Structure formats: structure tokens, C-alpha cells
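The structure appears below as C-alpha cells.
The values are calculated or read from the model by the stated rules, or taken from the named source; none is laboratory data. Remember, it's a predicted structure, so these values are computed and weren't measured experimentally. Cβ coordinates were reconstructed from backbone atoms using ideal geometry, including for glycine residues, and neighbour counts include every protein chain displayed. The accessibility values were calculated without ligands, DNA or RNA, using every heavy atom of the protein model including side chains. Shrake-Rupley method; radii C 1.70, N 1.55, O 1.52, S 1.80 Å.
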Amino acid sequence: MNKLLAALIATLFATAAFAQTAPATEAVVKAQASAQKDVNKAAASEAKVDAKADANVAKAEMKADEKKADAHHKANKTKAKAHDKVVNADAEDKLKAEAKADKTDAKADAKATKTAVKANAKVAKEKVEASADKALAATKTVEAKAKADAEVKAAVAK
């Protein structure tokens, strides 16, 4: 902790000393303005990428929720039909109809679960892609800041 604090203080003094000794010539001012413009452009681009990635994730989650709801609705409808057949079955065929209804229930539940798993996998994939897009955009912003700093230093050195 002490080393970190010492490094931060040393950086602060070095920055302050550099700022005091750097002459504000026209070239330096132009370089700073250009650098700030590039950094602002990169930051705006990053924000745009972040917003688009978040929108894509939200859209994927919405689709997944719709698919899961549809699958559960279909499963419940299938189960209801099977149980109606049990209710309408003769007394001697009731056990057979109940067994068939149980089998239909299990099949419908499995199908709904399978659909939900696939939908969740698509959402997870979209989240990973969004995270990668955001990381790349952040990297471009950091790169723009580093280039801007280098340009300003080069202008000061002239």
C-alpha cells in the first residue's frame, strides 16, 4: 500500500512539474485540441457500441422469454388435452388413459425445457458477443488516448 501511495504521489509531482515546464505554444495547443477531438470521437464510438450491444442483449432476452412462454403454453395445452381424454375415458380404460396422459405430460415438459435451454443458450451467446464488442471498443478508446498523449508530447518536444 505504501509503495502504491508513493508511486501515486511521485506521479502527481512529475505531472505537475511537467505541466509547469511545458510551454503552451500554438503547436502544443493545436495538438491538444486534435488529441481531445480524437479521444472524444473514440469515446462516442465506444458509447455507441455499448448501447448497441446492450440493445442486442435485451432483444435476445425478450425473444428468449417469448419462446419460453410459448413452449410452456404449448406444453400446458398438450397436458390439458391429455387430461381431458382421461376424464372422458371409460372406467375400464381410465388407467390406460392416465398412463398415456402421464407420458404426454413428461414429453411436453421435456420439449418445453429443451426450448428454454436453447433460448437461454442464445442469450448467453449474445451476452458474450456484447461483452467482446464492449471490450474491443474500450481498447480502441484507450488506444486513442495513448496516441493523443503521444502527439501532445511530440508537440511539446518540438
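Laid out as a table, the results:
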| quantity | calculated |
| --- | --- |
| Leading residue by the ranking (nearest to residue 59 (Cα to Cα)) among those in the stretch 71-126 that are in a loop (DSSP other than H, G, I, E, B) and of a type in the set (Gly, Ala, Ser) | 89 |
| Per-region count, the stretch 124-148, residues of a type in the set (Val, Ile, Thr) and surrounded by 14 or more Cβ atoms within 10 Å (Cβ to Cβ) | 1 |
| Failed condition for residue 151, given (1) in contact (Cβ under 8 Å) with a residue 12 or more places away in the chain; (2) open to solvent by 90 Å² or more (accessible area, probe 1.4 Å); (3) among the charged types (D, E, K, R); (4) under 30 Å from residue 30 (Cα atoms) | (2) |
| Residue that is nearest to residue 53 (Cα to Cα) [pool: residues in the stretch 87-123 that are under 44 Å from the mean Cα position of the chain (by Cα) and surrounded by fewer than 13 Cβ atoms within 10 Å (Cβ to Cβ)] | 121 |
| Only listed residue being touching a His at 6+ places or on another chain (Cβ under 8 Å) and of a type outside the set (Ser, Thr, Tyr), chosen from 132, 112 | 112 |
| Of residues in the stretch 61-85 being open to solvent by 100 Å² or more (accessible area, probe 1.4 Å) and touching a residue at least 24 places away in the same chain (Cβ under 8 Å), the one nearest to residue 104 (Cα to Cα) | 74 |
| Subset tally (residues that are under 20 Å from the mean Cα position of the chain (by Cα) and surrounded by 13 or more Cβ atoms within 10 Å (Cβ to Cβ)) for the stretch 26-53 | 8 |
